[in-house]
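Each remark here refers to the structure printed beneath this line.
The values are calculated or read from the model by the stated rules, or taken from the named source; none is laboratory data. These figures come from a predicted structure and were not determined experimentally. Positions of Cβ are generated from backbone atoms using ideal geometry, with glycine treated the same way; all protein chains shown enter the neighbour counts. Please note that ligands, DNA and RNA were not included when accessible areas were found on the heavy atoms of the full protein model with its side chains. Shrake-Rupley method; radii C 1.70, N 1.55, O 1.52, S 1.80 Å.
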Amino acid sequence: MEITLSENLDFSIRHLASIILNRYITKHWCNQTEKFEPPEISEQVKQLIRDYLLKSLVITSGGGGGSGGNNDENIHKLLSSFAHSISNIAQYDWPQQWPQLFPTLNQYLSYGQQPNAIYSSLKVFQELAHEITDTQIPDIAPILLPQLLNIFISKKLPIHTSTKAVKIFGIISETIMAMNDLDKNAIKQYLADYIPRFTEYAIEVLMTSDTNDTVDIGMKKEIISILTQLLRYCRKYMKVYLPKILGLIWQHLTTSAQIYVKFKVNSSMENNDDFNDTFSETIIDSDGETISFESLIYSIIDFVNSTFEFAKYRLLIKPVLSDLLYYLLCFVQMTDEQMEKWQSNLDQLIEEDDIDTAAFSIRIAAQDLIMNLARDMTTLNDKHTRKDDELFKIAFLQAVQRHFSEASELEKTQKSRQTWKIIESCLYVMGILSPTIIYTIKSGKNTSNEYRSILDNVLLNLNMTESFMAGRSLWTASRFSEIMNDQSLDNFLRITSTLLNNIVDAPILSVYALRATYYFFENVQINQRVQVIRPHLQQFLQGLITIGMNCNSDTLYHVLRIIDLLSELDKEFTCSASSSICSISLSSFLRFPDDTIIFDVVLSIFDHLFSIEQCFPEIQKRLLPIIVAILNSNPNDSNILELLSSSSNKISAQNMSILQPQILDMLTKILNHSNGLNDFMIEKVYPSMIDCLNKAYKDSSAIFQNGTECLSAFLRKGSDFLVRYIDPTTNQNGIILALNVSFSFSFL
C-alpha cells in the first residue's frame with residue numbers, strides 16, 4: 001500500500017503493487033467467496049486497507065521517470081486499479097462494515113475537489129451503481145444524483161469524466177424506474193426533480209457540434225440512451241421536451257446516415273478528409289466499452305424504436321414516416337467491411353444474412369426497426385386489418401422510389417460505382433416485408449401497381465455482374481414467388497438450381513441460391529405448384545448435398561431444412577432419391593452428435609421417408625445396422641465409417657453415447673411406421689437396445705425417457721415375437737428382459 005502511494009517511485013512499480021494488492025484482496029478478504037484462500041485478513045488490517053485505499057483516490061502524481069506513458073495516463077491507470085479494489089471490498093463490506101465509504105466518495109465529487117479525485121470516485125460509483133438496491137436508493141439518490149448532474153453540467157472537467165457521470169446517472173435512474181413497478185411513487189419521489197435539469201442540459205449537448213471540445217460521440221450516445229429510458233418510463237415528465245428532442249434526434253439521424261454511407265458503406269472510395277478520422281475511429285474506454293460512431297447510431301435507432309412504442313408519440317413520427325424509412329434504408333446497406341468478411345467466410349454470410357439472425361450490426365438494427373414499424377402498421381390478411389396499412393405502404397414506396405431515382409442519377413453521372421448497394425438494401429427490406437406487400441398486390445390496393453412494377457423491372461432484369469446484388473435479386477424473387485406466373489417461376493427455379501451447384505465458381509451466388517431455395521420450395525408447397533418445380537428437383541438436391549457435405553453446423557441446418565421441405569414436395573421423386581437423402585441426413589447426424597437442432601430436422605426428414613411405403617423397407621434395412629452399432633457404442637462399424645468416409649470428422653466412443661438417446665428416438669419412429677418386427681429387429685436391434693438401457697439408465701435421463709418409449713413400441717409391435725426370443729447370455733426371453741429394464745427404471 002505504501003508503495004502504491006509513494007509518488008517518488010516509478011509508475012510501473014506502483015502499478016504492479018496496486019495489482020498485487022487487488023489480488024491479495026480477492027483471495028483473502030472474505031471466506032465466503034469461490035476464490036478465497038486462507039488466511040482471512042484480520043479486521044484490523046482490513047480497516048487499514050480501507051483507509052489507505054480511500055486516501056489513494058486523491059493522488060496527484062503517477063510516479064517519476066520510467067516507462068508507462070504520460071503522467072495523466074499513469075494517474076488514471078493507478079486510480080482505476082484503486083477504484084477496482086475499493087469496489088471489490090465494497091461488495092462485501094458496504095454499507096455495514098464500511099459506512100464512511102459513500103460520504104467520502106460523495107465528498108470527492110464536490111465541485112471544488114481535484115479532477116483526479118472526481119475521476120476515481122466516479123470509477124468506484126460506476127462499479128457499484130449496478131449493485132445499489134431499492135432499499136439503498138432513498139439514502140443515495142438525493143445526495144448522489146445532484147452531484148452527478150453538477151459534474152455533467154460543468155464544462156471545466158474532461159469529457160470522459162462528464163460522460164462517466166452521465167452513465168452513472170443513467171444506471172441509478174434505471175434502478176429507480178424499475179422500483180416504480182412495485183412502488184408507484186418511486187420516480188416521483190427520487191427521480192422526477194432531476195429530470196428537467198438533466199433533460200435541458202442534454203438538449204444543449206445534442207445541439208452542440210461534434211467538433212466542439214466539450215462534447216463527443218460517447219457523451220451523446222449516453223445521453224440518448226438515458227433519454228430513451230426516460231421516454232419509456234417517465235412519459236409525463238418528458239412530454240414537454242419531446243418535440244425539441246425529436247427534432248434533435250432527427251437531425252442526428254439524417255446526419256449520421258449521410259456520414260455512414262460515405263465512410264462505412266463506401267469506405268473503399270476516396271474519403272480522405274479529416275472527417276473520416278473522426279467517425280471511423282473506434283475507441284475502447286477505460287471500462288472496456290467500445291465507443292464509436294456506430295454506437296451513436298445504435299442509440300438513435302433504439303430511441304426511435306421506443307418512440308414508436310406509444311400511440312401518442314407515433315403521431316409525431318407518422319408525418320415524417322417516408323423520410324424515416326428513407327434514412328433507415330441507408331443504414332441497411334452492406335458495408336465494404338461486411339462484404340470483405342462475407343467473401344472470405346460464406347458460413348458467416350449465411351448466419352448474418354438471415355432474417356432471424358442472432359448477430360448484430362447497424363444493418364440488422366435498422367432492418368429490425370423497419371420490421372417493428374411494419375408489424376404495428378401493416379395488414380397481412382383481411383382478418384387482421386390495420387388502419388395505418390396504406391400510410392406505411394405509401395411511405396415505404398416513396399422511400400424506395402426516392403433511392404432508386406437517386407441511384408439512377410448517380411449512375412448516369414458516374415459519380416458512384418456502388419449505387420447497387422442501396423438497390424440491394426431496398427430489395428432486402430422488400431423481401432422481408434413480402435407477406436404484407438403480396439397482400440397489397442393481391443388486393444389491388446392503391447400502391448399495388450407500383451410495387452409490381454418495381455418487382456418486374458428489377459427482378460426480371462437480373463444483373464449478374466455484381467454477386468451480392470444478383471444474389472439479393474434472386475432471394476427477393478423467391479420471397480415473391482407466390483405471385484409469379486409459371487413461366488417466371490420456372491425460369492427462376494432453373495437459375496437457382498444452377499447456381500446452387502456452382503459454389504466453386506460463384507460462391508456468393510450459391511449462398512443466396514441456398515437462401516432462395518427454401519422460399520421457392522415453401523411457396524411451391526403452399527400453393528400446390530409442384531408440377532413447375534418437379535423437373536428441377538434432382539439438380540436442387542445435388543446442389544444441397546454438395547453444400548451440406550462441406551459446411552459448418554449452422555449452414556448444414558439450413559441445408560437440412562430445405563431437404564426436409566423437398567422430401568414433402570413429390571413422393572415419387574423422394575422415393576427415387578431416398579438413398580441420397582438418407583446418406584446426407586445420417587452423415588449430418590453423425591458429424592454433429594450433440595446438436596439437437598440438427599437431429600430434430602434429420603428426424604423430420606426420416607419421418608417423411610418412413611411415411612412413403614415404397615421406400616420404407618430399403619431405408620429401414622440401411623438404418624438398422626447403424627442403429628445397432630450406435631447402441632453398442634461401436635464407432636468402428638463399417639456402416640458408420642462408410643458414411644463418414646467423405647468427411648474429415650471421426651466419431652469417438654464418447655460421441656456414440658451422446659448419439660444413443662437420439663438413435664432410440666429414431667428407432668421408435670421406425671417401429672411406429674413398420675407393420676411388425678422382422679428377424680433382424682428381434683435378434684440384433686432389440687438385444688442391443690436392452691443392453692444400452694441396462695448400461696446407461698443410471699446416468700442418462702434422456703436414454704431413460706427415449707428408451708421407455710422405444711421399449712413400448714417394441715412391445716406394441718411384436719410382443720408375441722419377443723416371447724419366443726431367448727437371450728443367449730441370460731437365457732431369458734424378450735418379455736422378461738423388458739420387465740427387468742422396466743423394474744430398474746421404476747427406481748429412478
Exercise. Could you list all residues from segment 123-160 that are more than 30 Å from the chain's Cα centre (by Cα) and open to solvent by 70 Å² or more (accessible area, probe 1.4 Å)?
Key: ASP134, THR135, ASP139, ILE143, LYS155, LYS156
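Residues are listed down the side, and each one gets a yes or a no for (1) modelled with pLDDT under 90; (2) under 18 Å from SER657 (Cβ atoms):
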site: PHE680; (1), (2): no, no
site: SER688; (1), (2): no, yes
site: ASN694; (1), (2): yes, yes
site: ALA702; (1), (2): yes, yes
site: GLN705; (1), (2): yes, yes
site: CYS710; (1), (2): no, yes
site: LEU715; (1), (2): no, no
Quiz item: Which residues, counting only those in segment 488-518, are open to solvent by 40 Å² or more (accessible area, probe 1.4 Å) and either part of a helix (DSSP H, G or I) or closer than 15 Å to ILE350 by Cβ (or both)?
Solution: ASP490, ASN491, ARG494, THR498, ILE503, PRO507, TYR518
Quiz item: Can you name the number of the only condition in (1) within 27 Å of THR307 (Cα to Cα); (2) open to solvent by 20 Å² or more (accessible area, probe 1.4 Å); (3) part of a loop (DSSP other than H, G, I, E, B); (4) not acidic (Asp, Glu) that LYS445 fails?
Solution: (1)
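Please give the helices (runs of 4 or more DSSP H) falling wholly within segment 312-369 in which 1 or more residues are within 15 Å of VAL429 (Cβ to Cβ) and either open to solvent by 10 Å² or more (accessible area, probe 1.4 Å) or among the charged types (D, E, K, R) (or both).
Details: elements: 321-332, 336-344, 346-352.
Counting at least 1 such residues, we get 321-332.
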Self-check item: Residue among ARG50, ARG23, ARG14 that is in a helix (DSSP H, G or I) and touching an Asp or Glu at 6+ places or on another chain (Cβ under 8 Å)
Solution: ARG50
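Considering only segment 11-27, state which residues are open to solvent by less than 30 Å² (accessible area, probe 1.4 Å) and either of a type in the set (D, E, K, R) or out of contact with any helix residue (DSSP H, G or I) (no Cβ under 7 Å at 6 or more places or on another chain) (or both). Don't jump to the end; show me each part of the working.
Taking segment 11-27 as the starting set, the residues that turn out to be open to solvent by less than 30 Å² (accessible area, probe 1.4 Å) are 11, 14, 17-18, 21-22, 25.
Across segment 11-27, the qualifying residue is only ARG14.
Condition first: assigned to a helix (DSSP H, G or I), open to solvent by 60 Å² or more (accessible area, probe 1.4 Å) and in contact (Cβ under 8 Å) with a residue 12 or more places away in the chain. Now tell me which residues in segment 395-442 satisfy that. Please lay out each step first, then the result.
Taking segment 395-442 and keeping what is assigned to a helix (DSSP H, G or I), we get 395-413, 420-432, 434-442.
Now narrow it down to the ones that are open to solvent by 60 Å² or more (accessible area, probe 1.4 Å): 398, 401-402, 405-406, 409-413, 435, 442.
Answer for segment 395-442, where residues must be assigned to a helix (DSSP H, G or I), open to solvent by 60 Å² or more (accessible area, probe 1.4 Å) and in contact (Cβ under 8 Å) with a residue 12 or more places away in the chain: GLN398, GLN401, ARG402, GLU406, PRO435, LYS442.
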Practice problem: Please identify the pairs in which a residue from segment 567-581 that is free of Cβ contacts under 8 Å to residues at least 24 places away in the same chain and among the hydrophobic types (A, V, I, L, M, F, W, C) has its Cβ atom under 8 Å from the Cβ atom of a residue that is in a loop (DSSP other than H, G, I, E, B) and open to solvent by less than 70 Å² (accessible area, probe 1.4 Å), counting only partners at least 6 apart or on another chain. | Solution: none
Quiz prompt | Filtered residues of segment 604-641 (kept if part of a helix (DSSP H, G or I), open to solvent by 10 Å² or more (accessible area, probe 1.4 Å), over 20 Å from LEU693 (Cβ atoms) and not aromatic (Phe, Trp, Tyr)) | solution = SER604, ASP607, HIS608, PRO617, GLU618, GLN620, LYS621, ARG622, SER638, ASN639, LEU641
Self-check item: SER120, sole failed condition from (1) under 34 Å from the mean Cα position of the chain (by Cα); (2) of a type outside the set (Val, Ile, Thr); (3) closer than 26 Å to PHE11 by Cα
Solution: (1)
Exercise. Could you figure out which of (1) part of a helix (DSSP H, G or I); (2) in contact with a Lys or Arg (Cβ under 8 Å, 6 or more places away or on another chain) isn't true of ILE547?
Key: (2)
